[in-house]
Every structure is written in C-alpha cells, then in structure tokens.
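Encoded as structure tokens, the structure appears first; notes follow it.
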Amino acid sequence: MTGGLLWGLTGLALLDSINATTIWIVIVILLGAKRPAPTGWAFLLGAAASFLAFALMLYFGLMFADSVLDGFTLWLRRLLFAGLAAALVVKGVRRLRPHERKGYTLPPWVNAWSALPFGVLATVGDLPNAFPMVLAVERLIDSDIAALAAVVVLVGYTLVYVLPSALILAAGLAFNEELREQLQSMLSGRTSGTAETSPKAAAACFAGAAASLAVLLLRVG
C-alpha cells in the first residue's frame, strides 16, 4: 500500500461522500421523523452497510472472475468503465437543461425499526452515482494488494463516505431548534421549483466521464 494510492483513495472517498440523496434524506429525517435519533442512525447504518456490501461484492466478484476466466475481468472492467462514462455524459447533458426539482419526503412507513432497510433501498437506488467507488475498486485490483488489506481499505472508504451525513445528523440532533429553520430553508430551496442549468455540475459530470475513459484507455487496457 503506497502513500500515493492511499491519498488517491481518500480523495475518491471524499468525492463519494458528497452524496446528495443520503444527505437530503438525513435532513428530511431530522425535520419529519417522530424519533429522529434512532431513525437517522438506523438509516445511516443501512446506507453504510449496503454501500460496503456492494463494494466488497464488486471487488471479490472481479477478483474471482479473473481467477476463473482468463481475460474476463479485463473485458468486464472495460464494459463497466465505458458504461460509467456514458452515464456521466448523459447526466451532464441533463444538467445543462432546466428541470423540475424532485422533492424529498419521508415515506409514512419509515420509523426507527424500518429505517435500516430504507437506508439499504435508498443506497442501492443511488449506486449509479457512486462512480468514485468503482474507480477505487479498480485501483485496488490494479495495485495487487492483499485481499485483507483491500477489505480494510474499503471499510475505511465507507466510513469516509458516510461521514458528512453522520456529522449533519449529529449536529441536527444536538442543535435541533437552532438549526431547524436553516435546514427547512435548505430543503425547500433544493427540492421545490425549477432547477436552472448548472454548468459547474455538468462540468463535474463530464470530468468524471473523462476520468472513466482515462482509466479505460490507460489503465484497464
């Protein structure tokens, strides 16, 4: 495990941690759940567990495929990064057009007991946006480090991924009255009305697509 690899993975994890869906759901829980503390922490546990499970399945799945079928992993990784680049280009083009914002509302069945599976469902539905994690798994495989070390790295990656949402939840629980108005204003401003074009967001998507193509052409091939 080199320092350059570790810093690169940390950067990808920080990029992955800016996850709008998870963060906004945490804010919705703070504002609308009857028991925000157990509901919020259960939701984050489900989100983190499903994210880690997917990362481990991707890592070990590609490793197993490579050991059984010579060359299979190479083509699978090519397909994965080509598809990722295409998805990011489509997303970037959409950000160049005005669109109606989707509101975040807490389903009536979500409570302290059902928040964990809700966290799993929300994370699985948002996995197409987890392209930094796909890049991180590719780098781990390419570095040829021991499987145990890779697992430890992916656990740390998941902790960084969930950190901003956990900090928001902790702050919201500790300063509920002081932050409630600000959180409500943030939520209303981001989940209602029409979103204008966002060249910066589009540029970020196009940069992600370029990074995927770079991995495809320079590292995977």
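The values are calculated or read from the model by the stated rules, or taken from the named source; none is laboratory data. Source: prediction; values computed, not measured. Neighbour counts are summed over all protein chains in view; Cβ atoms, including those assigned to glycine, are modelled from backbone coordinates with ideal geometry. Heavy atoms of the whole protein, side chains included, go into the accessibility calculation; ligands, DNA and RNA do not. Shrake-Rupley method; radii C 1.70, N 1.55, O 1.52, S 1.80 Å.
General remarks:
- Pairing each residue of region 113-128 that is of a type outside the set (Lys, Arg) with any residue that is assigned to a helix (DSSP H, G or I) and modelled with pLDDT under 85, provided the two are 6+ apart or on different chains, yields C-beta distances under 7 Å for Ala122/Thr21; Asp126/Thr21; Pro128/Ala87.
- Of the residues in region 96-106, at least one is open to solvent by 40 Å² or more (accessible area, probe 1.4 Å), of a type in the set (S, T, N, Q) and either assigned to a loop (DSSP other than H, G, I, E, B) or modelled with pLDDT of 85 or more (or both).
- Residue selected from region 20-72 under the condition touching a residue at least 60 places away in the same chain (Cβ under 8 Å) and not in a helix (DSSP H, G or I), by the criterion nearest to Trp113 (Cα to Cα): Arg35
- Test: residue in region 5-12 that is in a helix (DSSP H, G or I), open to solvent by less than 50 Å² (accessible area, probe 1.4 Å), without any contact (Cβ under 8 Å) to a residue 60 or more places away in the chain and farther than 16 Å from Thr105 by Cβ: yes
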